[in-house]
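Participant: Let me give you the structure first, and then I'll get to my questions.
The values are calculated or read from the model by the stated rules, or taken from the named source; none is laboratory data. In this text, all values refer to a predicted model and were calculated from it rather than measured experimentally. Using ideal geometry, Cβ is built from the backbone for each residue, glycine included, and neighbour counts are taken over all protein chains shown. Each accessible area value is taken on the protein alone, full model and side chains, heavy atoms only, with ligands, DNA and RNA left out. Shrake-Rupley method; radii C 1.70, N 1.55, O 1.52, S 1.80 Å.
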Amino acid sequence: MDNLLSYEPITKNQKIAYDAWDEGDNLVLCGSAGTGKTFIGMYLGLESVLDKSWEQNKLVIVRSVVPTREMGYLPGSIEEKVDAYTAPYRAITNELFNDRHAFDMLESQGQLTFMSTSFIRGITLDDCVLLIDEMQNLTFHELDSIITRVGRNTKVIFSGDYYQSDLTKESDRSGVLHFMSIMEQLKDFSVIEFNWTDIVRSGFVRDYIMTKEILERKNATI
């Protein structure tokens, strides 16, 4: 499947992410909601997988399926439980190809797969683009477990907004910041911080997030 549509970067920080990826860096895409972080990760990952000149042949999407880390609370089989969390990636993939069957076709061809953090231990991820989404909902231990699964010829994209964590314990919530401080010291890793000016979802979302953050900062100083 090779009919991936072309999407140019819209904002300055999106272009920084595109350029860093093209130059061979791994990415950490963090910051405000509505800035296209997951979309960019999916687009760059699939573009690389479908480009025969790249060494990666599969996009592997990894995320925690629920804040409790347990899938047993959801009804249905494991497949049905996982399907509940693939919806955003299915929608993005289908948009990228303008084909409502794109996600399923790529999955059946072995070029795309979704994986829960519950099942990542003990495996090695070779020759793929690894997209770790919603990273703010992962503890440091989980992030550490994922990054140590990276094998040969694998590129990595982290995506998330550490202001929107679903974790309840402060020790768990702070894990992503500790992890990012390590990533910033590694070679071949670009950390791109998205802000209000990068919000492309809608003007309403931009205004809401700007107002919310202004009030939060004002209250923090009182």
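Participant: At 1.4 Å probe size, with every protein chain present, just tell me what the per residue accessible area of the chain comes to in Å².
Facilitator: Working: 11600 Å² over 222 residues.
About 52 Å² of surface per residue is accessible.
Participant: Highest mean first, what order results for 125-133, 96-104 on Cβ atoms within 10 Å?
Facilitator: With the highest mean Cβ count within 10 Å placed first, the list reads 125-133, 96-104.
Participant: Could you look at region 83-124 and say what percent of its accessible area is carbon and sulfur, using a 1.4 Å probe and all protein chains?
Facilitator: Within region 83-124, the accessible surface is 49 percent carbon and sulfur.
Participant: What shape does the chain take by its C-alpha gyration tensor, where a ≥ b ≥ c are the square roots of the eigenvalues and a/c under 1.5 counts as rounded, a/b above b/c as prolate, and the rest as oblate? Let's see the in-between values first.
Facilitator: Details: a/c = 1.39, a/b = 1.21, b/c = 1.15.
Note, shape of the chain comes out rounded.
Participant: I need two numbers for region 124-220: Rg to one decimal and Dmax as a whole number, Cα atoms only, in Å.
Facilitator: In order Rg, Dmax, the Cα atoms of region 124-220 give 15.6, 47 Å.
Participant: Also: Just how large is the dipole of the chain about the Cα centre, in debye to the nearest 20, putting +1 at every Lys and Arg Cβ and -1 at every Asp and Glu Cβ?
Facilitator: 460 debye
Participant: How large is the dipole of region 155-204 about the Cα centre if only Lys and Arg carry +1 and Asp and Glu carry -1, each at its Cβ, rounded to the nearest 20 debye? Intermediate results must be reported in sequence, preceding the final value.
Facilitator: Working: 5 positive and 8 negative charges, 23 e Å.
Dipole size: approximately 100 debye.
Participant: Calculate for the chain the 222 nm mean residue ellipticity that helices alone would give, adding -39,500 (n - 2.57) per DSSP H run of length 4 or more and normalising by residue count, nearest 500 deg cm²/dmol.
Facilitator: -12500 deg cm²/dmol
Participant: Then there's this: Report, in debye and to the nearest 20, how large the dipole of region 131-222 comes out about its Cα centre when Lys and Arg carry +1 and Asp and Glu carry -1 on their Cβ.
Facilitator: Its charge dipole is roughly 140 debye.
Participant: Pick out, from Ser48, His141, Phe103, the residue whose Cα sits farthest towards the positive end of the charge dipole of the chain, with +1 on the Cβ of Lys and Arg and -1 on the Cβ of Asp and Glu.
Facilitator: Working it through, the farthest residue towards the positive pole turns out to be His141.
Participant: Further, regarding this structure: Using a 7 Å offset from the Cα along the Cα-to-Cβ direction at both Trp196 and Lys15, what is the distance between the two label points in nm, to one decimal?
Facilitator: A separation of 2.2 nm, rounded to one decimal place.
Participant: Turning to a different aspect of this structure: Label points 7 Å out from Cα along the Cβ direction at Glu216 and Asp188: separation in nm?
Facilitator: Inter-label distance under the simple model: 3.4 nm.
Participant: Applying the Karplus parametrisation 6.51 cos²θ - 1.76 cosθ + 1.60 with θ = phi - 60° to the phi angles of region 86-97, what ³J(HN,Hα) value in whole Hz is obtained for each residue in order, glycine and proline being reported as x?
Facilitator: 8, 3, x, 6, 5, 5, 5, 4, 5, 5, 4, 10
Participant: Using θ = phi - 60° and the Karplus relation 6.51 cos²θ - 1.76 cosθ + 1.60, list the HN-Hα couplings for region 186-193 in order, rounded to whole Hz, with x at every Gly or Pro.
Facilitator: The phi angles translate into 7, 6, 6, 10, 10, 9, 10, 9 Hz.
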